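Participant: Quick one: this structure, given as structure tokens, is what I'll be asking you about.
The values are calculated or read from the model by the stated rules, or taken from the named source; none is laboratory data. As the structure is a computational prediction, the values presented were derived from the model and not from experiment. Counting neighbours? That spans all protein chains shown, and the Cβs are built from the backbone with ideal geometry, glycine included.
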Amino acid sequence: MPRFRLLLEYDGGHFFGWQRQLDLSTVQGVLEEQLRVLCGHPVQVIGAGRTDTGVHALGQVAHFDTLCPRPADVFVRALNASTPEGLTVLACQEVDPEFHARYSARYREYLYRLHLRTQPSAFDRKRSWHIGRSLDVAAMRDAARILLGTHDFSAFRASSCQARSPVRAMQRIDVELARRGQEMHIIFGANGFLHHQVRNMVGSLVQTGCGRWSVERFQHVFLGRDRTKAAATTPPWGLYLTRVIYDGEPDSLNTIEV
């Protein structure tokens, strides 16, 4: 059966997360319903990342199989004409039947946006987390470096996480000021992430940036592997799934600038 790959962006504020739920509007549910109408049979859409309610995507990847294949550009136009506000299909291509949006991914990248200005943004209230104060960038970078490499991330793992192992390989963490210092962007890149891992890491990094924690305390919490000792989970609306990379693809593929 032909398999197609989608590149998606969506505003998480319009949906109750990625995964289909009865009587709730989700990204997976919306796509499956529109593809059912377009293809004339039930379609299952598999995403690279199962984003939570309120979490955005700039480079989500998904795949689906259909008995009624059409040119890829037809799927793009038809889906964009029928899906609700807040969801856009950026690209579509036919792929090998062995391709799997979730299990074939070798690298995922997330961005977390912090709004530092004292006054909240009139436009980005649900697209960034309003901190309302400056943060110690150097201290946060020192703490972030501790997370690089292959580690047990139990300290930042949600109690509801169903992953078999808490070990992940963190390949990239960048802490940068943006928009003339009014925002901080924290970028995380790894082979995979635990449930709430990024939002929990951000919470503890912010504690360090505010001066409430020393870098040594951050390291102690991380190595202690006790979720109850880490900071609270940050709001979902600051988080973006920005890109997913597969074997044979350059690292620049599917990257989206904010």
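Participant: Which residue out of A178, A163, A122, A139 is in contact with a helix residue (DSSP H, G or I) (Cβ under 7 Å, 6 or more places away or on another chain) and either closer than 19 Å to K229 by Cβ or in the same structural domain as W237 (by TED's automatic domain parsing) (or both)?
Facilitator: Details: A178 fails: in contact with a helix residue (DSSP H, G or I) (Cβ under 7 Å, 6 or more places away or on another chain); A163 fails: in contact with a helix residue (DSSP H, G or I) (Cβ under 7 Å, 6 or more places away or on another chain); A122 fails: in contact with a helix residue (DSSP H, G or I) (Cβ under 7 Å, 6 or more places away or on another chain).
On inspection, the qualifying residue turns out to be A139.
Participant: Continuing with the same structure: For the stretch 88-202, which fully contained strands (runs of 3 or more DSSP E) count at least 3 residues that are under 20 Å from G238 (Cα atoms)?
Facilitator: Here the list reads 105-115, 167-178, 183-190.
Participant: Tell me, please, whether a residue that is touching a Ser or Thr at 6+ places or on another chain (Cβ under 6 Å) and either within 16 Å of R108 (Cβ to Cβ) or surrounded by fewer than 17 Cβ atoms within 10 Å (Cβ to Cβ) (or both) can be found in the stretch 21-30.
Facilitator: No: zero hits.
Residue-wise test of (1) under 30 Å from P120 (Cβ atoms); (2) polar (S, T, N, Q); (3) in contact (Cβ under 8 Å) with a residue 40 or more places away in the chain.
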residue	(1), (2), (3)
A158	yes, no, yes
A163	no, no, no
M201	yes, no, yes
V206	yes, no, yes
V221	yes, no, yes
D226	no, no, yes
Y240	yes, no, yes
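Participant: Could you tell me whether R180 is at pLDDT 95 or above and basic (K, R)? Write out each step before concluding.
Facilitator: Working: at pLDDT 95 or above: no; basic (K, R): yes.
For R180, the condition - at pLDDT 95 or above and basic (K, R) - is not met.
Participant: Of a type outside the set (D, E) and over 21 Å from I245 (Cα atoms), is that true of T66?
Facilitator: Values: of a type outside the set (D, E): yes; over 21 Å from I245 (Cα atoms): yes.
The answer is yes for T66.
Participant: How many residues, within the stretch 1-58, are without any contact (Cβ under 8 Å) to a residue 60 or more places away in the chain and aromatic (F, W, Y)?
Facilitator: Step one: of the stretch 1-58, the residues without any contact (Cβ under 8 Å) to a residue 60 or more places away in the chain are 16-26, 28-47, 50.
Keeping just the survivors that are aromatic (F, W, Y) gives 16, 18.
Number of matching residues: 2.
Participant: With respect to V55, is the statement that it is within 21 Å of G238 (Cβ to Cβ), touching a helix residue (DSSP H, G or I) at 6+ places or on another chain (Cβ under 7 Å) and either among the charged types (D, E, K, R) or surrounded by 20 or more Cβ atoms within 10 Å (Cβ to Cβ) (or both) true?
Facilitator: yes
Participant: Then there's this: Could you check how many residues of the stretch 203-248 are assigned to a loop (DSSP other than H, G, I, E, B) and exposed (fewer than 14 other Cβ atoms within 10 Å of the Cβ)? Outline the logic, then answer.
Facilitator: So in the stretch 203-248, the residues assigned to a loop (DSSP other than H, G, I, E, B) come out as 210-214, 225-226, 230-235, 247-248.
Within this subset, residues satisfying the condition of being exposed (fewer than 14 other Cβ atoms within 10 Å of the Cβ) are 211-212, 226, 232, 247-248.
Of the residues in that region, 6 qualify.
Participant: Could you check, for the stretch 88-98, whether at least one of its residues is within 17 Å of the chain's Cα centre (by Cα) and surrounded by fewer than 19 Cβ atoms within 10 Å (Cβ to Cβ)? Let's see the steps before the verdict.
Facilitator: Our first condition is that a residue be within 17 Å of the chain's Cα centre (by Cα); within the stretch 88-98, this holds for 88-90.
Subsequent filtering for residues that are surrounded by fewer than 19 Cβ atoms within 10 Å (Cβ to Cβ) retains 88, 90.
The answer is yes; a qualifying residue exists.
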